[in-house]
Amino acid sequence: MITVHIIVDGADAASAWYRDAFGGVERSRVVLPDGKLIHVEVDVGGSTLMLADELPDQGALSPATTGHTSAVLYLHCDDVDAVWDRAVAGGATVVHELADVFWGEREGQIVDPFGHRWGLTQHVRDVPIEEMTAMAAQMFGPPGGQPRPGA
């Protein structure tokens with residue numbers, strides 16, 4: 001099992017946002033004497049999302065501070081359209097519009113108000129690997145279907 005632990009600028013607000021937008025349930029929190037949150041555990045769709053405020057002296061900085069994120073967190077939903085609507089209404093920035101994609105999912109990507117990138121997805125249909133491979137080659141391969149040099 002992997003638990004994601006993310007640093008945010010405002011863990012209290014982030015916990016509320018993940019509860020409102022993604023239907024999360026906060027399980028616990030640990031508050032430091034200065035009021036910063038070092039541990040907020042939120043159940044999101046059966047997965048644990050851990051949040052913490054920035055601690056610059058410990059090198060714990062959020063995407064809001066650095067301007068960069070190195071991962072896309074994927075949330076698999078039973079009703080991706082409803083989750084999408086709540087996230088966008090709650091201030092998420094759309095990166096890729098929600099759409100049905102060739103690998104059998106309905107998905108899109110957003111950046112939450114705290115700078116983290118999320119893929120919101122719902123399984124729509126099973127796609128045979130041969131069909132998926134052909135569609136990937138058509139969509140991402142070189143023009144004319146010729147292999148790239150060195151491939």
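Read-outs throughout are calculated quantities, based only on the coordinates presented, and are distinct from any laboratory measurement. Note that the coordinates shown come from a computational prediction; the quantities given were computed from them, not determined experimentally. Cβ atoms come from the backbone with ideal geometry, glycine included; neighbour counts cover every protein chain shown.
Odds and ends about this structure:
- For segment 1-77, a simple Cβ point-charge model (Lys and Arg +1, Asp and Glu -1, everything else neutral) yields a dipole of about 200 debye relative to the Cα centre.
- Residue by residue, segment 49-66 carries 3J(HN,Hα) couplings of 10, 9, 10, 8, 5, 4, 10, x, 5, 9, x, 9, 10, 8, x, 4, 8, 7 Hz when phi is fed to the Karplus relation 6.51 cos²θ - 1.76 cosθ + 1.60 (θ = phi - 60°); x denotes Gly or Pro.
- Each Lys and Arg Cβ is given +1 and each Asp and Glu Cβ -1; about its Cα centre, the chain then shows a dipole of about 300 debye.
- Anisotropy class of segment 1-73 from Cα gyration tensor, a/c 1.5 cut: oblate
- 5 angstrom amide H check on His5, placed H, neighbours 5+ away: Met50
- Acute angle (nearest 10 degrees) that the helix 80-89 long axis makes with the longest principal axis of the chain, alpha-carbon atoms: 50 degrees
- Where (1) 1.07; (2) 1.00; (3) 1.27 are the candidate values, the label of the one calculated here for Rg/Rh (Cα atoms, Kirkwood Rh) is (1).
- Since only Leu55, Leu37, Gly23 are under comparison, the one whose Cα sits farthest along the positive direction of the charge dipole of segment 1-63, derived from C-beta charges on Lys, Arg, Asp and Glu, is Gly23.
- Range in the chain, longest, excluding exposed trypsin sites (Lys or Arg not before Pro) [loop by DSSP; at most 15 other beta-carbon atoms within 10 Å]: 37-124
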